[in-house]
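Asker: Please find one structure pasted underneath; my questions will follow.
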Amino acid sequence: MNDRILFLFFLILVLASCSKINKAKDLLTHSSAQEIYKRDLHINDDIFKIWEYEKQKALVYDSVAIDLPYQESGRFFPKSFSVYSYLIELHRGDLLSVEVKLDSTSSLAFIDIFTLETSGFKNIIGSELGKQKLQLEIAEDKLYKVIIQPEIDAGSYFNININRSPAYLFPVAGGKNRDAQSFWGAQRDGGKRAHEGVDIFAKRGTPVIASTAGSITYLGEKGLGGKQVWLRDLKRSQSLYYAHLDSIASINKNQVKAGDTLGFVGNTGNARTTPPHLHFGIYRSNRGAINPYHFIKQNDVKPLNNENFYPNHLNGLVTRNANLRNSNSVKNSEIIQKLAQGDTIQILGRSSEWYHIKATSSKNTSFLHSSLATPLN
């Protein structure tokens with residue numbers, strides 16, 4: 001009995017040691033979650049190649065576009081090799097959040113985010129193994145592609161939620177997007193210069209707040225900006241500029257917290273002939289001004305509250321002649337294919353009134369209005 005106990009203890013030590021070695025190797029080689037999944041779960045090489053190939057097909061051919069917020073629900077079917085691919089236009093200052101909620105703790109889903117480059121799509125970040133949530137602060141105005149892929153034997157109902165939020169707090173207390181009425185690039189002085197910021201109109205004396213934590217590098221009155229405050233964001237190596245203030249608050253120059261009052265809306269400097277407003281700008285070290293709007297743009301659209309879609313079968317049937325679209329909207333989409341009554345489709349999920357589908361005659365996915373098809377029982 002003692003020998004058996006010693007053997008089991010030794011085996012546990014060996015397995016723990018192997019696990020630590022693998023983790024150290026993964027850190028050194030930057031192994032992806034998919035590679036770790038294949039190794040740790042001993043996935044068959046041929047099956048894994050099929051699974052990976054389906055993801056590459058979706059990356060190259062799939063071009064469905066979505067607006068945010070986006071929500072989709074449905075069911076992952078084992079060995080269906082379904083891939084969920086979404087094209088999204090994003091801007092510097094957006095915080096992109098992608099989450100896959102599963103009803104089974106034993107199922108896995110993988111999230112990858114790509115940027116569209118001249119040479120094709122480039123993977124910039126992927127979720128960790130076992131983590132069904134990923135967040136990314138957008139650094140460049142580009143097209144991005146989000147790919148979600150369930151594991152090979154996943155059998156779970158799911159909810160996909162994709163959203164954006166601003167990296168910063170809105171700089172005027174109680175302000176809304178509609179209060180911004182003069183934007184980046186607008187002509188000034190008869191075209192001699194361009195507007196390097198955004199003007200947010202509010203009543204005189206409305207508090208102006210720190211959009212992020214940082215240190216104050218200047219406060220005072222000078223030049224075109226009149227009474228102004230400069231806040232240094234060390235995390236992003238950029239400075240926030242608050243101008244035309246009516247007055248400056250009593251500030252701890254060393255450090256302020258997000259939400260602290262910096263001053264009050266006014267029209268000092270060259271804004272004396274305009275209604276009270278805050279000029280808000282962002283300047284990057286050695287790169288000059290950048291468009292600040294998406295750093296503070298609030299979400300105008302309320303989060304979706306879709307009813308969950310729980311299909312019993314992957315396939316569906318087209319009930320009337322139907323148009324397949326590249327987006328889940330009639331107004332903002334293009335018809336990419338037509339299907340006839342009686343055609344079969346794969347229903348990947350449902351987003352509001354739209355099925356996210358794959359036609360048997362197509363390499364890519366599309367959207368089909370739910371009134372034009374029915375899931376098979």
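The values are calculated or read from the model by the stated rules, or taken from the named source; none is laboratory data. Fair warning: this is a prediction, and the values are worked out from it, not measured in the lab. Reconstructed Cβ throughout: ideal geometry from the backbone, glycine too, with neighbour counts over all protein chains shown. Side chains included, ligands, DNA and RNA excluded: accessible areas come from the protein's heavy atoms. Shrake-Rupley method; radii C 1.70, N 1.55, O 1.52, S 1.80 Å.
Asker: Could you pull out the longest piece of the chain with no exposed loop GluC sites (Glu not before Pro) in it, calling a site exposed if DSSP puts it outside H, G, I, E, B and it has at most 16 other Cβ atoms within 10 Å?
Answerer: Counting only loop sites that pass the neighbour cut-off, the longest clear stretch is 141-306.
Asker: Follow-up question, since we're still on this one. List the relative contact order of region 304-369 as a percent without decimals, with contacts defined as Cα pairs under 8 Å and 6+ residues apart.
Answerer: Here the relative contact order equals 31 percent.
Asker: Can you pull the one-decimal nm distance between simple spin-label points at Leu143 and Val330, each 7 Å off the Cα toward Cβ?
Answerer: 2.6
Asker: Right, next: Among the aspartates and glutamates, which fall within straight-line cross-link reach of Lys227, defined as a Cα-Cα distance under 14 Å, with same-chain neighbours fewer than 8 residues apart omitted?
Answerer: Asp246
Asker: Which of the trypsin sites (Lys or Arg not before Pro) found in region 32-65 are loop residues per DSSP with 10 or fewer other Cβ atoms within 10 Å of their Cβ?
Answerer: none
Asker: Determine the order of Thr360, Thr261, Thr118 by accessible area, beginning with the largest, at a probe radius of 1.4 Å.
Answerer: Ranking Thr360, Thr261, Thr118 by accessible area, largest first, yields Thr118, Thr360, Thr261.
Asker: In whole Hz, what ³J(HN,Hα) sequence does region 353-362 give by Karplus (6.51, -1.76, 1.60; θ = phi - 60°), x for Gly and Pro?
Answerer: 9, 10, 8, 8, 10, 10, 6, 5, 9, 10
Asker: Still on this structure, please answer the following. Quick one: compute the contact order of the chain, relative version, from alpha carbon pairs under 8 angstrom and 6+ residues apart, as a percent.
Answerer: Computed over the chain, the figure is 16 percent.
Asker: What does the convex hull of the Cα atoms come to per residue for the chain, in Å³?
Answerer: 212
Asker: Right, here's the next one. Classify region 77-227 as rounded, prolate or oblate from the Cα gyration tensor: take a ≥ b ≥ c as the square roots of its eigenvalues, call it rounded if a/c is under 1.5, otherwise prolate when a/b beats b/c and oblate if not.
Answerer: Since a/c reaches 1.5 and a/b is larger than b/c, the shape of region 77-227 is classed as prolate.
Asker: With each pseudo-label sitting 7 Å past Cα toward Cβ, what's the Asn254-Tyr61 distance in nm, one decimal?
Answerer: For Asn254 paired with Tyr61, the spin-label model returns 6.2 nm.
Asker: Expressed as a whole percentage, what fraction of the accessible surface of region 93-183 belongs to carbon and sulfur atoms when a 1.4 Å probe is rolled over the protein heavy atoms?
Answerer: Accessible surface attributable to carbon and sulfur in region 93-183 totals 47 percent.
Asker: Report the residues of region 246-283 in range of a label on Lys203: point 7 Å along Cα→C-beta, backbone N strictly under 20 Å from it.
Answerer: 246-249, 261-268, 274-279, by backbone N distance to the label point.
Asker: Ignoring everything except DSSP H segments at least 4 long, calculate the 222 nm mean residue ellipticity for the chain; use -39,500 (n - 2.57) per segment, divide by total residues, nearest 500.
Answerer: After summing the helix terms and dividing by residue count, I get -5000 deg cm²/dmol.
Asker: OK, next. Taking Cα atoms, how many degrees apart are the long axis of helix 2-29 and the longest axis of the chain, rounded to 10 and kept between 0 and 90?
Answerer: Relative to the chain, helix 2-29 is tipped by roughly 50 degrees.
Asker: Report, in whole Å, the centroid distance computed from the Cα atoms of region 65-128 and region 135-184.
Answerer: The two parts, judged by their Cα centres, are 12 Å apart.
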